[in-house]
Amino acid sequence: MWQSYTNALITAFGLSGLGFGIGKLVIVLGERAIERRLGSEGVRDVIARRAKMESLFEARRASRVQELKELDGAVEDVLRRRKAMERQVEASRQSGERLVRLIGEEVQGCPCYVAMIVNKYVGTANLQQGQHTLIDASWAQPQTVEVWARSMAEARTEIERRYPPAFGYAVTRMQEFLAADTPIAKAG
């Protein structure tokens, strides 16, 4: 009886040793196959390098997420300011006063030119929605702009710098309002 237990125990240890040896052989052959595929560097070096890259990528991702949050806050601030300005323009429009845009400063010796400017894209863009996405709907009608400049050509240049024709702005009419010798009271 003790002999059969001893034989079973020796057989179990022998089989477990044989299983350990086969497992170790599979691991060594697997490592060599991986090393051949990845090159002469050790697998541990590759894993360490990739782990370092992963931590650097995670740090970069965290910084990009922070940048996106800051930029999102800036966009929200700009949109809030735009809505406030649109409310001010709408309030001035509803007050019955005429909205006049000014370019330049009132300087002695410079005449004032009054121009009517319209945006040709506002009336045609987004007809389903009824308004342009970036430009106020009031630009479908001519808007009054007062330009203080030395000549009509300079006034037109200033208007085109402020309201570029490439964005659909067009001067429909322009005339001199105040002569250069007319005394001007500086606005305070």
Let me know the charge dipole size of segment 1-75 about its Cα centre in debye, to the nearest 20, where only the beta-carbon of Lys, Arg (+1) and Asp, Glu (-1) is charged. 200 debye
Once the dipole of segment 62-124 is set up from charges on Cβ (+1 Lys and Arg, -1 Asp and Glu), the residue from the list 122, 100, 62 lying farthest towards its positive end is 122
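Every number here is computed from the coordinates shown, using simple stated rules; none is lab data. This is a predicted model, so every value here is computed, not measured. Positions of Cβ are generated from backbone atoms using ideal geometry, with glycine treated the same way; all protein chains shown enter the neighbour counts.
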